[in-house]
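Below you'll find the structure, written out as structure tokens, and then a few comments.
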Amino acid sequence: MKFQKSITFISALCLVSGLTLAAENSTGPIADINPPAKGTVTEAQALEAFARIYEVASHPRCANCHVGEDNRPRWSGPSYAPFPPGQNWRYHGMNVNADDSRIGAETMPCSTCHQTTPDLDSAPHSPPHFGIDWQLAPVEFEWFGKSPNEICEQLKDPARNGGRDWMGLAEHLVMDAGHRGPVLWGWSPSGDREAAPFSLQQHVDDMTIWGVGGQPCPKD
Amino acid sequence: MELSVNGQAHNLDIDEDMPLLWALRDKLNITGPKYGCGIAMCGACTVHIDGQAVRSCSIRASEVNGEVTTIEGLGSPEAMHAVQSAWKEHQVAQCGYCQPGQIMSAASLLARNPNPSDETIDQAMSANLCRCGTYPRIRAAVKTAAAKMGGA
Amino acid sequence: MGAARTIARRTFLVGSVALAGGAAFGVHTIKKPYPNPLLDTLEDGEFTLTNYVLINQDGVTLITPKGEMGQGVQSTWAALIAEELDVAWDDVKIAHGPPGKAYYNAAVIEEGLPISSLDHSGQANFMREKIAPIAAKVMAMQVTGGSSAAADGFVKLRVAGATAREMLKNAAAKKLGLKASQFMTVNGKVITPDREEIPYGDLAADAAALKMPKNISLRPPSEWKYLGKSMPRLDMKTKVTGTANFAPDLRFEGMKFGTVKMNPHLGGALKSYNADKALAMKGVDKVIATDHGVIIIADNTWTAFKAANLIDCDWGKADYPDTMAEHYAAVGAAFDNASYDSRNRDIGNVDTALEGAEVLSAEYKVPYLAHACMEPVNATAMYQDGRLDVWAGNQAPGDLKAHAMEVSGLSQDQVHIHTQFMGGGFGRKSEVDFSEYAVRAAMAMKDTPVQIMWSREEDMTHDYYRPIAMGRFRGSVKDGNIHAFDLNVACPSILESGAERGGPDLPGGDITNAMTIWDQPYAIPNYRTTAWRARKLLPVGAWRSVGGTQNAFFQESMIDEMAHAAGRDPMDFRLEMMNNDVCKTVLETVKDMSGWDRQRPEGHALGCAFVLGFAVPTAEVIEIKQTNDGIKIINAWAAVDVGTALDPRNIEAQVFGGLNFGLAAAIMGEIDVKDGKINQTNFHDYDSLRLYQAPKVEVEILENGKHIRGIGEPGTPPAAPALANAIFALTGERYRELPLNKFVAFA
């Protein structure tokens, strides 16, 4: 799919004001990819950008479904307490397992509860939904409980990031958001859920800053 | 808007945000799917859309794309679906309020996986609550239904 | 009212009720039967033979006037009638029937008697067999609860079936000029001496005109066709095909749908409200103000729910404390002479025995619990031409009717109650609040059927909760046995809370506070059980096994603590103390079933508990396993003694269902109060046991007890202590507070 590197103003407006688009086919880009010029980003600035990227990736809105081989989504974050003693997370209730398909195809699809709809608005404690089929991220994109270094190394490894360079990652973010997918939802989760930190635009910017700055990774 | 339920087409004049559950229950008088929580935590409202289990409390009727099947459409007292027969054979139901949802979930599971293991049953059937605690018989009935349907 | 009144009545000193009844009504009145409730609603061509049999040309309908909430009571009651009436099981049709004093519960009284179910002395039997029945009749409660239906119906329904059968035979005999003894009855037909078959329907009119025969003799168990067998439940087919009618499934022409928005500070007033936004919504008909909240009537339930969210209300405060700490403090403060409730057991001298001994002591506590029936509370009503009809799943139709009359100002013959299947009851549906709001709506919406469905949130936050409770004990062991046990429990009184909603405020102790602690079959030389009554806090009510869950958790954990202190195996420790053979056999049975003495793999452990509750000795063993994700409950075994088992498969279902209900509460059940409101609103924060958490369960049913007993509740109380004791066996940690997921992870 082709997309333009420009802001669709209406979409952006909706995002900023917390409104959602009712239009079914709003697949247009809603964040701008505007990388800094080559050589203008110091390593320190790139690391700062990555620190913000990490804050997003490790946030419950994102990490809960970026889980590993057990295929079990997590419930973490303020709305999911109480947690088992000594833990700040729990497995998704109801013994949910997305199976190797990562979408529950073998037993109970995620979309049994998480409907596919362009409307991002959902009531507190009801299953959130977005414009693409609810599913776990690919298993290589395991973020839950991972350190900044681990997530960083994964993000820059084409073998584990869907074969993308940093621009590819930025484009992926914009495209997913354009489909009203999880990337867009992460910052407009509705239902009293805590949004991912910063903003979608900031996140895309950070990806390009980190990329132009040479994709440095923090040490753990 | 148009909605096809149990093979019958309906034309509905309802609010755009009305969940399928209430369109079925209050507009079409199809009361097999039950209201239990309204937030997909209990599964009592489970129906099928094109054969897949869906919590009807959590999808708008206006967004349904496909054929809706409720417990009434799965089988009738005179001609029960294999899952319903297995439920009867094992005398699963106690109060019975959650059972339409349990049965719809089980039917959807068996359509995907004709020979589910204990572990698979535990995965697929744990989003349907039963306060009477009929679970041991649900497990047994899913296995019997699988056998009836040619799996196992 | 509702459960309040019911429990109030049954916990009243039964003897004095019987005496007062005798004085007030005269002995003649007490002997006189109540009128047949079916006579009021007979249609043309319908005839009634006894209170339980209705016949027309289409066949026989058995009246099973007990609330069906999943316990299978209507099928078992039908079997009791059909056994003597000779109706083919496949032809059995049942109906709940109208409320009626004739359907008073003769057995529920017994649990309220201050005599142990194991006491068969002359005095105890006199109370049980002579006084209690009079009291039950005078009180005339038609209530489904207290695990009483088996005992209540065991004789009277077979007598009804046999009486109807004899009337039909008599009618045939009269018609043909023969003797009744020359006829047989088979599958709904009277068989003449020359093998001619006359359907019951053809004889009903004649039979109904005959006098009811007396001195009916019942068939011996050896001849039973249905009883003692696992019969297919009569409601099963409708319940697996979505065709069973629960109250919210009723649909009438012109029906309106509504909901309620009640003061979140329970019992607080509605001071003012603004419904402008709600009333401006398309499809909203009416907003009705009541003392404690508003009723919203609309086109459909969804619109009513949305409209409810748009109403701004100014709520008055509740009269209980705002925080959970204060609630627990209030219960803790009740262990004081000023809050004495009752001391029903005081053997030896606990104080002296504990002096100078090594004293073991600890404090336990449990939170409030919601009933959380899968079907949120609801009712449907219509007022038209001076007649009010109310459709509701309920456990106490008499109370419901009385309350509907009070609310509507209508008379006895204007109010008609139609009892529907309940999507779970557990005690919640013995209350009358949900039908009250449907009645109020119907009175305000003349000529219109109105269905009032509470949202799950309203249901969860406006319950009559299982009381918060605390237990304290002091004990000592000597020569490997308990030498002294001083058990104290404290909680708000269900009876006193009920008095607030119309039940009588009676003097004396509340037997539910002391349930399952004072009458346990343990021979302990110095043994004292005391119930203390905390001040009124949240509204509380009967919750499956009433006082049993909290008290059993306390007591059976404490016994385990003492077994450990004595260095004994907790199973053998109990067995050795047990002074009743029926109970002992139950415990021995569960010991065998579970293979208690068998070596378990590393990381597995067993826990046991025994509870005599609702006169049913019940023993459970739970096996747990440590996994990477936490503790997994893998197996459970339960043994019960019901005296006579009418339907083994159904009894089994009640036992494992009750056990799972108890496990749900033990693992994760907790209602708490925050800022004066209930903190939990739906299943996301008041979850229940799910399939993957439910153990495999084996149930064994024994029949050694003297009396027939019911089984809806007894499976629940032992679950929590058996689990906590298993966790102790596994981890060495003794958890004295529920729910356990505060302390351990469960897989």
Take the residues of region C:641-678 that are more than 10 Å from chain B (Cβ to nearest Cβ) and open to solvent by 20 Å² or more (accessible area, probe 1.4 Å): which is farthest from C:V616 (Cα to Cα)?
C:D675
Which pairs have Cβ atoms under 9 Å, sit 6 or more apart or on different chains, and link a residue in region C:174-193 that is charged (D, E, K, R) to one that is part of a loop (DSSP other than H, G, I, E, B)?
C:K174/C:L210; C:K189/C:D86
For the list (1) hydrophobic (A, V, I, L, M, F, W, C); (2) assigned to a loop (DSSP other than H, G, I, E, B); (3) at pLDDT 95 or above, I need the number of the one condition that A:C62 fails.
(2)
Identify all residues within region C:688-747 that are within 13 Å of chain A (Cβ to nearest Cβ), within 30 Å of C:P648 (Cβ to Cβ) and open to solvent by less than 10 Å² (accessible area, probe 1.4 Å); write none if there are none.
C:S688, C:L689, C:R690, C:L691, C:A694
If I filter region B:58-69 down to residues being outside any helix (DSSP H, G or I) and open to solvent by 10 Å² or more (accessible area, probe 1.4 Å), which single residue comes out as nearest to the other protein chains (Cβ to nearest Cβ)?
B:I59
Anything in region C:239-254 that is open to solvent by 10 Å² or more (accessible area, probe 1.4 Å) and more than 7 Å from every other protein chain (Cβ to nearest Cβ)? List them, or say none.
C:N245, C:L250, C:F252, C:E253, C:G254
Within the group C:L218, C:L227, C:L234, which residue is more than 20 Å from C:T301 (Cα to Cα) and within 14 Å of chain B (Cβ to nearest Cβ)?
C:L234
Scan region C:185-192 and tell me whether some residue there is surrounded by fewer than 14 Cβ atoms within 10 Å (Cβ to Cβ) and farther than 21 Å from C:L54 by Cα.
no
Given (1) assigned to a loop (DSSP other than H, G, I, E, B); (2) away from chain C (no Cβ under 12 Å), identify the lone condition not met by A:S111.
(1)
Give region B:41-53 a look and list any residue that's touching a helix residue (DSSP H, G or I) at 6+ places or on another chain (Cβ under 7 Å) and either outside any strand (DSSP E or B) or under 9 Å from B:M104 (Cβ atoms) (or both), or say none.
B:G43, B:A44, B:C45, B:T46, B:V47, B:H48, B:G51, B:A53
Lone unmet requirement of (1) facing chain C (nearest Cβ under 9 Å); (2) at negative phi for B:R55:
(1)
What are the residues in region B:1-47 that are among the hydroxyl-bearing types (S, T, Y), under 24 Å from C:F421 (Cβ atoms) and more than 10 Å from chain C (Cβ to nearest Cβ), if any?
B:T46
Within region C:599-617, restricting attention to residues that are within 18 Å of C:I633 (Cβ to Cβ) and open to solvent by 20 Å² or more (accessible area, probe 1.4 Å), which residue is nearest to the chain's Cα centre (by Cα)?
C:L606
Please pick out the residue among C:A441, C:A404, C:A379, C:A357 that is surrounded by 24 or more Cβ atoms within 10 Å (Cβ to Cβ) and either in a strand (DSSP E or B) or not assigned by TED's automatic domain parsing to the domain that holds C:A289 (or both).
C:A379
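Table: residues versus (1) within 14 Å of another protein chain (Cβ to nearest Cβ); (2) open to solvent by 10 Å² or more (accessible area, probe 1.4 Å).
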| residue | (1), (2) |
| --- | --- |
| C:Q74 | yes, yes |
| C:L85 | no, no |
| C:N105 | no, no |
| C:S116 | no, yes |
| C:G122 | no, yes |
Would you be able to tell me the number of residues in region B:117-138 that are over 23 Å from C:F421 (Cα atoms), more than 7 Å from every other protein chain (Cβ to nearest Cβ) and touching a helix residue (DSSP H, G or I) at 6+ places or on another chain (Cβ under 6 Å)?
1
What number of residues within region C:90-130 satisfy the criterion of being under 19 Å from C:A149 (Cβ atoms) and in contact (Cβ under 8 Å) with a residue 60 or more places away in the chain?
19
For the subset of region B:20-38 comprising residues that are of a type outside the set (A, V, I, L, M, F, W, C) and part of a loop (DSSP other than H, G, I, E, B), which member is nearest to C:D249 (Cα to Cα)?
B:T31
When the residues of region C:255-286 are filtered to those that are within 16 Å of C:W454 (Cβ to Cβ) and within 14 Å of chain B (Cβ to nearest Cβ), which remaining residue is surrounded by the fewest Cβ atoms within 10 Å (Cβ to Cβ)?
C:K256
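Yes or no, residue by residue, for (1) more than 28 Å from C:H120 (Cα to Cα); (2) of a type in the set (K, R); (3) surrounded by fewer than 24 Cβ atoms within 10 Å (Cβ to Cβ):
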residue	(1), (2), (3)
C:C491	yes, no, no
C:E496	yes, no, yes
C:P507	no, no, yes
C:I524	no, no, yes
Of all residues in region B:75-96, how many are under 13 Å from B:V142 (Cα atoms), within 7 Å of chain C (Cβ to nearest Cβ) and touching a Leu at 6+ places or on another chain (Cβ under 9 Å)?
1
Test: C:S545 is modelled with pLDDT of 95 or more and assigned to a loop (DSSP other than H, G, I, E, B)
yes
Hey, any hits in region C:627-640 for a residue that's more than 12 Å from chain B (Cβ to nearest Cβ), in a strand (DSSP E or B), buried (at least 24 other Cβ atoms within 10 Å of the Cβ) and under 22 Å from the mean Cα position of the chain (by Cα)?
yes
When you go through C:N344, C:N349, C:N337 one by one, which is the residue that is more than 30 Å from C:F252 (Cβ to Cβ), open to solvent by 70 Å² or more (accessible area, probe 1.4 Å) and modelled with pLDDT under 95?
C:N337
Looking at C:E436, C:E458, C:E496, can you tell me which residue is within 22 Å of C:A334 (Cβ to Cβ) and not in a strand (DSSP E or B)?
C:E496
Considering C:L85, C:L54, C:L49, which residue is closer than 23 Å to C:V415 by Cβ and more than 24 Å from the chain's Cα centre (by Cα)?
C:L54
Would you check which residues across region C:565-591 are over 18 Å from C:P721 (Cα atoms) and of a type in the set (G, A, S) and list them?
C:A566, C:G567
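The values are calculated or read from the model by the stated rules, or taken from the named source; none is laboratory data. These figures come from a predicted structure and were not determined experimentally. Cβ coordinates were reconstructed from backbone atoms using ideal geometry, including for glycine residues, and neighbour counts include every protein chain displayed. The area values use the complete protein model at the heavy-atom level, side chains included, leaving out ligands, DNA and RNA. Shrake-Rupley method; radii C 1.70, N 1.55, O 1.52, S 1.80 Å.
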